[in-house]
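Student: First, the structure itself, so that you have it in front of you.
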Amino acid sequence: MLVIWAIMLMSISVMGVVEMMNYSVAENGLASREFRALHLAECGIAIGLHPQLKPGDSAFKQTIGSDSGFDVTISSEGSRIPINYITDAGYRDAVYNLFIRWNMSPDEANIAADSLADWVDTDSDARSQGAEADYYKGLGFQDFPRNQGFASVDEMLLVRGMDAVERAKPDWRNFFSTYGDGLIDLNYAPKDVIVAVCDVAESDADNLIRERNGADSIAGTEDDVTLTDTDVKRLLALDDAKYTKLQPRITADHLTRRVESVGRVGESHYKVVVIARRQDDGSLSYMARFEE
């Protein structure tokens, strides 16, 4: 009986060791695939930052082996609203318009827009529906608002009224940037941003997007058209007065490039995002880098 019990105990121990080894091997394999996916994503970033490559270039989508490769998307950081410029009345109104497009009520939109502006400005005077120190102290936050620009888009969630934005548009982060220079790039901006910033009809925004997407009507392909300022004015049906008013906030040639590269190995994916600004000599300088 003792021998039988000893064999049983040894069997259980061996089975546990084997299972642990199998788990370890699987875990190491997953880590290896993720590392390779990261390496491929980095390769895609290097290609995406090349100043002469344009959207739709075949170099942006590459397959290596049977189950590996990378996909690169280049766009402009100017396609997003530069939230740290919200103290500008034009951008405050644009943010309000954007929130209204997301089916927020006028009160909700005003509270969020005014509170975002109060967070960024350097004074202690609350806007009509905004929030300064007294409001946040009532909630137990002694150091709010920061009275400086947002360090990240996620920091916007600390602001009064942003909970309503989160409910109305869960992917709202895709429409804002803390790396903008105050200009909206109309060669890349989505329809919601175009309508909100330029205060134009949806049909006019659709015309502009249709023109810049080229004959295949797909963004990011070889036949994409780079619009000029004259094209923008015509396609958005802007009269001289409105175009002059918008000029400080719009451009057709933004200097900040956003490169998103996804490396893949089997079922493992790794995403790297780099934001870089074009210098006068044509070179790019890094502004930010994220990994997902």
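The values are calculated or read from the model by the stated rules, or taken from the named source; none is laboratory data. Please read these numbers as outputs of a predicted model, since none were measured by experiment. So basically every Cβ, Gly included, is an ideal-geometry build from the backbone, and we count neighbours across all protein chains shown.
Student: Would you tally the residues in the range 52-92 being at pLDDT 95 or above, surrounded by fewer than 18 Cβ atoms within 10 Å (Cβ to Cβ) and within 19 Å of Tyr286 (Cα to Cα)?
Tutor: Going through the range 52-92 one residue at a time, the tally reaches 0.
Student: May I pose another question? Hey, Ser217 hits all of (1) part of a loop (DSSP other than H, G, I, E, B); (2) of a type outside the set (Asp, Glu); (3) surrounded by 12 or more Cβ atoms within 10 Å (Cβ to Cβ) but one; which does it fall short on?
Tutor: Result: Ser217 passes all but (3).
Student: Right, another one. With the requirement that a residue be closer than 17 Å to Gly182 by Cα and among the hydroxyl-bearing types (Ser, Thr, Tyr), what does the range 76-113 give you?
Tutor: Ser76, Ser79, Tyr85, Thr87, Tyr91, Tyr96
Student: Still on this model: Among the residues of the range 272-286, are any among the aromatic types (Phe, Trp, Tyr) and either touching a residue at least 40 places away in the same chain (Cβ under 8 Å) or within 25 Å of Asp204 (Cα to Cα) (or both)?
Tutor: no
Student: Sort out which residues of the range 92-150 are touching an Asp or Glu at 6+ places or on another chain (Cβ under 6 Å), without any contact (Cβ under 8 Å) to a residue 24 or more places away in the chain and of a type outside the set (A, V, I, L, M, F, W, C), and write them in order of number.
Tutor: Selection gives Ser124, Arg127, Gln129, Glu132.
Student: A further question on this structure: Of these, Gly138, Gly130, Gly149, which one is of a type in the set (Gly, Ala, Ser) and either more than 21 Å from Asp88 (Cα to Cα) or assigned by TED's automatic domain parsing to the domain that holds Met287 (or both)?
Tutor: It is Gly138.
Student: Which of (1) assigned to a helix (DSSP H, G or I); (2) more than 19 Å from the chain's Cα centre (by Cα); (3) surrounded by 20 or more Cβ atoms within 10 Å (Cβ to Cβ) does Ile100 not meet, given it meets every other one?
Tutor: Of everything listed in (1) assigned to a helix (DSSP H, G or I); (2) more than 19 Å from the chain's Cα centre (by Cα); (3) surrounded by 20 or more Cβ atoms within 10 Å (Cβ to Cβ), Ile100 misses just condition (3).
Student: Test Asp114 against the criterion of being over 21 Å from Phe175 (Cα atoms), outside any loop (DSSP other than H, G, I, E, B) and outside the structural domain of Ile194 (by TED's automatic domain parsing), and give yes or no.
Tutor: Taking the combined requirement at face value, the residue does not satisfy it.
Student: Additional query: Looking at Ser217 and the list (1) in contact with a helix residue (DSSP H, G or I) (Cβ under 8 Å, 6 or more places away or on another chain); (2) touching a residue at least 24 places away in the same chain (Cβ under 8 Å); (3) outside the structural domain of Leu49 (by TED's automatic domain parsing); (4) not acidic (Asp, Glu), which single condition is not satisfied?
Tutor: Of everything listed in (1) in contact with a helix residue (DSSP H, G or I) (Cβ under 8 Å, 6 or more places away or on another chain); (2) touching a residue at least 24 places away in the same chain (Cβ under 8 Å); (3) outside the structural domain of Leu49 (by TED's automatic domain parsing); (4) not acidic (Asp, Glu), Ser217 misses just condition (2).
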